[in-house]
Amino acid sequence: MIKQTISNDIFYVGASDRRIKLFENIYPLDRGVSYNSYLIAGDKTALLDSVDDAVGKVFLQKVKDALGDRDLDYFIVNHMEPDHCACIEDVMNTFPSVTLVTNNKAAMMIQEYFGYDWAERRIIVKDNDTLSIGNHELKFVFAPMVHWPEVMMTLDTTTGILFSADAFGTFGALSGNIFADQAYKGDEWQEESRRYYTNIVGKYGVQVKNALAKLTGEDIKMLAPLHGPIWRKDIDKILDKYAKWSTYQYEDKAVVLIYGSIYGHTAEAVDMLAAQLDNLGASNLKVYDASNVDVSYLVAESFRCSHIIIASATYNGAIFTPIERYLAEIISHNLQNRTIGIVENGTWSATSGTLITKELEKMKNITLLGNKVSVKAALGENNLDSIKALAEEICESLK
Ligand SMILES: Cc1cc2nc3c(=O)[nH]c(=O)nc-3n(C[C@H](O)[C@H](O)[C@H](O)COP(=O)(O)O)c2cc1C
Ligand SMILES: [Fe+2]
Ligand SMILES: [Fe+2]
């Protein structure tokens, strides 16, 4: 195996899966995903988390090769989701004298997943506990619900490397480069980092904010997540994004227009609205057909933009299904603080607008724009006026 060094005596022993099509069997992956694991091989050796079954074999080989003729002293389990815990039993069996280091909640999950908890060779840590492993001092910082309740981060206070569990992760397999500053050009990391964050942990903004607060004052030099590349330069860039995302502040003062249209008339209205916004000088506009874009992208775009136009045909007395699903997702992900405009359509009784308004009441701090576009089957003369009025109102509120 080729050894990849993160710093001095710390190595990358994770692996990528480029065959996987759906993360958590729901989120589309265009370019796979990586499952990261790290090995500290200083005075003592410590492995941080394992990987998904899909890459378990190569992971174990990497661990063995990185250890050489040394034994594994500690195995630290930060997160018990199967994409990281799948190989716990293999690690415990391969290294019969290894000591498992985890917290109470994770230990209970280990028992549940594996029917055994290795209590006879285990250290249970509490929040902020430290463990000295020779030339490295480890501190365990609990981060409950920064994806699951048992999650903790491990800070190597000697090197300033934060093994941050799912936080600061990104979709996408690694392509050799393990550091973000080498893996990405400019800001191209943002799209998949945002889609990962918003969909996977977006719901738990309060808990993410709390975890970040616990880390202020620590001298963090690297963020080593469980997915995607490691951050060692411009750490502030991703920390700034997390500060925004976790408090549901928009990143861009911009409009995203999302429509659900059966025959195309609602789509036409939205395209006209976007064209009028362009006439009025709005930039960075994005139009999406909810039937043709996975909802995870729409959730991410809704976290990014300050203004959202939601457009839907009426469908069996309800909101057209793709928009219904989109609304359910932004509500369940706790999206807040947005300005929203509505376009509705129906041939005999256009109720979709009223129904969307009702759904939006479940969200915090939503400013609903007063001008609504109501299409009856196809666009009529009166619609042009209402589209122009809504465009004016949007631009006024963008100022
Ligand atoms: C299965 C189905 C159910 C519909 N239910 C309603 C309805 O309950 N109320 C209504 O006014 N129109 C209903 N319509 C009609 C559409 O809402 C209407 O044709 C609308 O103009 C479609 O907009 P679009 O061209 O953007 O698809 C329904 C259409 C379909 C295919
Ligand atoms: Fe997770
Ligand atoms: Fe994960």
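No value in this document is a laboratory result; all are computed from the given coordinates. None of the values given here were measured: they were computed from a predicted structure. For neighbour counting, all protein chains shown are included, and Cβ atoms are generated from backbone atoms with ideal geometry for every residue, glycine included.
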Problem set entry | Distance (nanometres) between label positions extended 7 Å along Cα→Cβ at Trp348 and Asp30 | 4.2 nm
Exercise. Among the lysines in the stretch 252-394, how many pairs, 8 or more places apart or on different chains, have alpha carbons under 19 Å apart?
Worked result: 6
Exercise. How long are the three semi-axes of the equivalent ellipsoid for the stretch 1-86, computed from the Cα gyration tensor as the root of 5 times each eigenvalue, in whole Å, largest first?
Worked result: 25, 13, 10
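Kirkwood Rh over Cα pairs of the chain into Stokes-Einstein at 37 °C, 0.692 mPa s: D in µm²/s? Mind showing how you got there, number by number?
Values: Rh = 22.8 Å.
So the translational diffusion coefficient is about 144 µm²/s.
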For this session: Could you size up the charge dipole of the stretch 240-341 around its Cα centre, putting +1 on the beta carbon of Lys and Arg and -1 on that of Asp and Glu, and report it in debye to the nearest 20?
Result: 280 debye
For this session: Please go through the stretch 105-141 and write out the trypsin sites (Lys or Arg not before Pro) that DSSP classes as loop and that have at most 12 other C-beta atoms within 10 Å.
Result: Lys126
Seminar exercise, completed: Pseudo-spin-label distance Lys244 to Lys209, built 7 Å along Cα→Cβ, given in nm, is 1.7 nm
Exercise. So what is the calculated 222 nm ellipticity per residue for the chain, using -39500 (n - 2.57) for each DSSP H run with n of 4 or more, over all residues, to the nearest 500 deg cm²/dmol?
Worked result: -10500 deg cm²/dmol
Seminar exercise, completed: Ordering 230-237, 196-203 by per-residue average of other C-beta atoms within 10 angstrom, highest first, gives 196-203, 230-237
Problem set entry | Overall Cα dimensions of the stretch 274-321 - principal axes, largest extent first, Å | 37, 23, 18
For this session: Evaluate the distance, in nm, between pseudo-label points positioned 7 Å from the Cα of Asp271 and of Asn284 along their respective Cα→Cβ axes.
Result: 2.6 nm
Problem set entry | Difference of contour (0.36 nm per residue) and Cα-Cα distance, Glu137 to Asp385 | 82.6 nm
Seminar exercise, completed: If one compares the long axis through the Cα atoms of helix 295-304 with the longest principal axis of the Cα atoms of the chain, the angle in degrees, nearest 10, works out at 80 degrees
Exercise. Where in the stretch 204-235 does the label zone of Asp181 land, with the point 7 angstrom along Cα→C-beta and an amide N cut-off under 17 Å?
Worked result: 220-225, 229-235
Exercise. Percent antiparallel among DSSP beta bridges with both residues in the chain, to the nearest 5?
Worked result: 45 percent
Seminar exercise, completed: Measuring from the longest principal axis of the C-alpha atoms of the chain, the long axis of helix 104-114 (C-alpha) lies at a number of degrees, nearest 10, equal to 90 degrees
Problem set entry | Nearest-ten-degree value, helix 56-67 long axis tilted from longest Cα axis of the chain | 40 degrees
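Where the only charges are on Cβ atoms (+1 Lys, Arg; -1 Asp, Glu), what is the dipole of the stretch 188-286 about its Cα centre, to the nearest 20 debye?
Details: 13 positive and 13 negative charges, 97 e Å.
Around 460 debye, computed over the stretch 188-286.
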For this session: List the relative contact order of the chain as a percent without decimals, with contacts defined as Cα pairs under 8 Å and 6+ residues apart.
Result: 11 percent
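With viscosity set to 1.567 mPa s at 4 °C, what whole-number translational diffusion coefficient in µm²/s follows for the stretch 206-264 from Stokes-Einstein and a Kirkwood radius over Cα pairs? Intermediate values should be presented prior to the final figure.
Values: Rh = 14.3 Å.
For these conditions, the coefficient is 91 µm²/s.
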Problem set entry | Debye intensity ratio I(q)/I(0), log10, the stretch 124-263, q values 0.12, 0.14, 0.19, 0.20 Å⁻¹ (C-alpha model) | -0.51, -0.68, -1.17, -1.27
Exercise. Once all Cα-Cα distances of the stretch 252-394 are split into 10 Å bins that start at 0, what whole-number percent is in each one?
Worked result: 13, 49, 35, 4
